[in-house]
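Laboratory data are not the source of any read-out in this text; all were calculated from the coordinates shown. All values reported here derive from a predicted model rather than from experimental measurement. With ideal geometry, Cβ positions are generated from the backbone for all residues, glycine too; neighbour counts draw on all protein chains shown.
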Amino acid sequence: MQIKELVFASHNAGKIAEIKQMLAPLGINVKSALDMDLPDVEENGTTFAENSLIKSQTIAKTIGIPCIADDSGLCVDALDGAPGVYSARYAPNRDFDKGMDKLLAEMEKSTNKSRKAHFSCVVSLAYPNGEYKLFEGRVDGTIAPAKMAGVQGFGYDPLFVPDGYDVSFAQMSKDDKNKISHRGRAMQKFKEYLSSL
Ligand code: IMP
């Protein structure tokens, strides 16, 4: 079964741009929940997989075409894995500049002085008949002592320095970030699945 059309269940412009860029070479027409003016789905799960599926399955059933969703977040060792699944809500009024200040302040207060962190992502593909597949990706790195210059990316990118690099995600081109990011890795597995169909 070949997939020619997919809906990406997200209203996050940063994520939408990344997913469209990753799927463009496959000739799949990707529309987002934002493009289609679909309502936001409440994410009340407690894991990335649960939240990802809540979004993809709700929209696939509503509109009757296969739908993908991602749920992702930043897990900081010194904060026992927070903000994790709550990464979007952790930022006051979804202002990530303030969210990054909050993160740095909480790390400062923590007795655990590790700077280690990782981004996790679970991409789910839901079919209108209820069947689904999950694809996971993770990237390890460190939290910089302060926001680093750079205007690429979104969310917590200016604070996250992937292992093996000395620049943050906000200083990398979209292509370079996609090659190693949690979302890029999960999407690579998703693309391999699509090619196996
Ligand atoms: P959700 O998956 O829509 O619940 O949102 C996850 C949140 O995690 C985003 O709003 C960002 O704050 C953060 N996040 C996820 N992926 C990235 C990324 O690639 N860079 C920076 N922040 C991210």
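Taken about its Cα centre, the stretch 26-159 carries a charge dipole of roughly 240 debye when the Cβ of each Lys and Arg holds +1 and the Cβ of each Asp and Glu holds -1. List the DSSP H helices in the chain whose Cα atoms stretch 20 Å or more along the helix axis and whose mean Kyte-Doolittle hydropathy is at least -1.0. Qualifying helices: 48-63. A straight Cα-to-Cα reach below 19 Å connects Lys133 with the lysines Lys4, Lys55, Lys61, Lys189, Lys191, residues fewer than 8 places away in its own chain not being considered.
In units of the compact-protein estimate 2.2 N^0.38 Å, the chain shows a Cα radius of gyration of 1.02.
For the chain, with the dipole built from +1 on Lys and Arg beta-carbon atoms and -1 on Asp and Glu ones, taken about the Cα centre, which of Gly155, Asn44, Ala78 lies farthest toward the positive end? About the Cα centre, the residue reaching furthest to the positive side is Gly155. Extension gain, Tyr86 to Lys20: 0.36 nm times the residue separation minus the Cα-Cα distance gives 21.3 nm. Per-residue extension of 0.36 nm, minus the Cα-Cα distance of Asp140 and Asp101, leaves a gain of 12.0 nm for this segment.
Helical runs (DSSP H, four residues minimum) scored at -39500 (n - 2.57) apiece and divided by the length of the chain put the mean residue ellipticity at 222 nm at -10500 deg cm²/dmol. Where in the chain is the longest stretch that carries no GluC sites (Glu not before Pro) classed as loop by DSSP and with at most 13 other Cβ atoms within 10 Å? That gives 43-130 as the longest site-free run.
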